[in-house]
Amino acid sequence: RIQHGMIQAEDGRKMSKSLGNVINPNDLIEKYGADITRAYVVFLGPFDQQVSWDSKGIEGIVRFLNKVWNLGQEIAERVEEKDPTKIITDSFEIGETELEVATHKVIKKFNDDLDRLHLNTLISTLMEFTNFLVAKKELLYNYPQPYLVLILLLSPICPHISEEMWQQFGFP
């Protein structure tokens, strides 16, 4: 059994209807969407510890998912192979590249964080990997597999954007 922590209001007090400091997730979903809201709640802090809500912090998640989206759009437009099955099989033939090594490292760190329920560091791992992929994006036009791995890792937290990006590469 794992005890989860409490999310406090921005003023540091316990969130309570009677205090009028409750954040309604439906309002956030309406403004930002479900993926951003979910990712921000996961990113707030350690699952088992008390954390304080920060309304300004959600903008960081907005920037992150915009970066993921924009990178995916650029790769999908420029990727040379349009057959999804061939994208995967061709990618495996490249061998030990910097992209491949980084991809394997992010998968391992992601799984370790997930096993320990360190969901906030899981998101920061994906942010770092996204920044790495942006720096190497020219390589991704011929070798998009690392971006597809990013989408698969992001999918449990942000299923909507992940599914849209997955379809951009021709996958069902």
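How many percent of the accessible area of region 1-149 is carbon or sulfur, using a 1.4 Å probe? Numbers along the way, then the final one.
On the way: 4660 of 8800 Å².
The nonpolar share, carbon plus sulfur, comes to 53 percent.
Given contacts defined as C-alpha pairs under 8 Å and at least six residues apart, what's the relative contact order of the chain, whole-number percent? Walk me through the intermediate numbers first.
Working: 173 pairs, mean separation 47.1, N = 172.
Here the relative contact order equals 27 percent.
If you stretched the chain out fully between residue 27 and residue 107, how much longer would it get, using 0.36 nm times the residue separation minus the C-alpha to C-alpha distance? Provide the component values of the computation, followed by the final result.
Working: separation 80, 0.36 × 80 = 28.80 nm, distance 3.31 nm.
Length difference between fully extended and current span is 25.5 nm.
For 86, 108, give the ranking by accessible area with the largest first, probe 1.4 Å. Numbers along the way, then the final one.
Details: 86 85, 108 125 Å².
My answer, sorted largest first, is 108, 86.
Percentage of Cα-Cα pair distances in the chain greater than 21 Å, rounded to whole percent?
Values: 7694 of 14706 pairs.
Cα-Cα pairs in the chain separated by more than 21 Å: 52 percent.
Using Cα springs under 10 Å in a Gaussian network model of the chain, which residue among 71, 139, 126 shows the largest mean-square fluctuation?
Largest GNM mean-square fluctuation: 139.
Non-local amide H neighbours of residue 97 (under 5 Å, H modeled in plane, Pro and chain starts lacking H): which ones?
The list, which skips near neighbours in sequence, is empty: none.
Of 53, 69, which has the most accessible area and how do the rest follow, probe 1.4 Å? Don't skip to the end; give the middle numbers.
Values: 53 20, 69 85 Å².
Sorted descending by solvent-accessible area, the residues read 69, 53.
Top mean-square fluctuation among 111, 131, 21, Gaussian network model of the chain, C-alpha springs under 10 Å?
21
On a 0 to 90° scale, report how tilted helix 119-135 is relative to the longest principal axis of the chain, with both axes built from alpha carbons and the result rounded to the nearest 10.
On a 0 to 90 degree scale, this one is about 40.
From Cα pairs below 8 angstrom and at least 6 apart in sequence, can you work out the relative contact order of region 94-172, rounded to a whole percent?
Details: 39 pairs, mean separation 18.8, N = 79.
Relative contact order for region 94-172 comes out at 24 percent.
For residue 152, tell me the accessible area in Å² from a 1.4 Å probe, rounded to the nearest 10.
It works out to around 90 Å².
With a 1.4 Å probe and every protein chain left in place, tell me how much accessible area residue 59 has, in Å² to the nearest 10.
80
Could you state the angle between the C-alpha long axis of helix 159-168 and the longest principal axis of the C-alpha atoms of the chain, as a value from 0 to 90 degrees rounded to the nearest 10?
20
Just need the relative contact order of region 17-115 here, percent rounded to a whole number, with Cα pairs under 8 Å and 6+ apart.
On the way: 20 pairs, mean separation 15.4, N = 99.
It comes to 16 percent, rounded to a whole number.
Name the long-range amide H neighbours of residue 8: under 5 Å, sequence gap of 5 or more, or other chain; modelled H, no Pro or chain starts.
Amide H neighbours of residue 8: 51, 52, 53.
Give me the one-decimal nm value for the distance between modelled label points at residue 63 and residue 83, 7 Å along each residue's Cα-to-Cβ direction.
A separation of 4.2 nm, rounded to one decimal place.
Each residue of region 33-49 in order: what ³J(HN,Hα) in whole Hz does its phi give by Karplus 6.51 cos²θ - 1.76 cosθ + 1.60, θ = phi - 60°, with x for Gly and Pro?
x, 5, 5, 5, 4, 4, 4, 5, 4, 5, 7, 3, x, x, 4, 9, 10
Residue by residue through region 14-29, what is 3J(HN,Hα) from phi via Karplus (6.51 cos²θ - 1.76 cosθ + 1.60, θ = phi - 60°)? Round to whole Hz and write x for glycine and proline.
For region 14-29, the Karplus-derived couplings read 4, 5, 7, 4, 5, 8, x, 10, 7, 9, 7, x, 5, 5, 5, 4 Hz, x marking Gly and Pro.
Based on DSSP H runs of at least 4 residues, each adding -39500 (n - 2.57), what is the mean residue ellipticity at 222 nm of the chain after dividing by all its residues, to the nearest 500 deg cm²/dmol?
Details: 9 runs with 107 residues, N = 172.
My calculation for the chain gives -19500 deg cm²/dmol from helical runs alone.
Taking a 24 Å limit on the Cα-Cα distance, which of the listed pairs 31/56; 67/136; 67/105; 14/108 fall beyond it? Present the calculation step by step, with values, prior to reporting the outcome.
On the way: 31/56 14 Å; 67/136 14 Å; 67/105 21 Å; 14/108 36 Å.
From the list (31/56; 67/136; 67/105; 14/108), the Cα-Cα distance tops 24 Å for 14/108.
Specify the residue with the greatest mean-square fluctuation among 103, 89, 121, computed from a Gaussian network of the chain linking alpha-carbon atoms under 10 Å apart.
Residue with maximal mean-square fluctuation among 103, 89, 121: 89.
Evaluate the distance, in nm, between pseudo-label points positioned 7 Å from the Cα of residue 97 and of residue 128 along their respective Cα→Cβ axes.
Placing both labels 7 Å along Cα→Cβ, they lie 2.2 nm apart.
Distance in nm between label sites at residue 114 and residue 14, each 7 Å beyond Cα in the beta-carbon direction?
My value for the distance between the label points is 3.4 nm.
Projected onto the charge dipole of the chain (+1 at Lys/Arg Cβ, -1 at Asp/Glu Cβ, origin at the Cα centre), which of 24, 57, 124 gives the Cα projection farthest towards the positive end?
The Cα lying farthest towards the positive end belongs to 24.
What value does region 90-167 have for Rg/Rh, both radii from Cα atoms and Rh as Kirkwood defines it?
Values: Rg = 12.4 Å, Rh = 12.9 Å.
That ratio is 0.96, to two decimals.
For the chain, what is the accessible area per residue in Å², given a 1.4 Å probe and the full set of protein chains?
Working: 9900 Å² over 172 residues.
Accessible surface, normalised per residue, equals 58 Å².
The values are calculated or read from the model by the stated rules, or taken from the named source; none is laboratory data. What you see is a predicted model; the values in this text were computed from it and never measured. Reconstructed Cβ throughout: ideal geometry from the backbone, glycine too, with neighbour counts over all protein chains shown. These area figures cover heavy atoms from the full protein model, side chains too; ligands, DNA and RNA do not enter into them. Shrake-Rupley method; radii C 1.70, N 1.55, O 1.52, S 1.80 Å.
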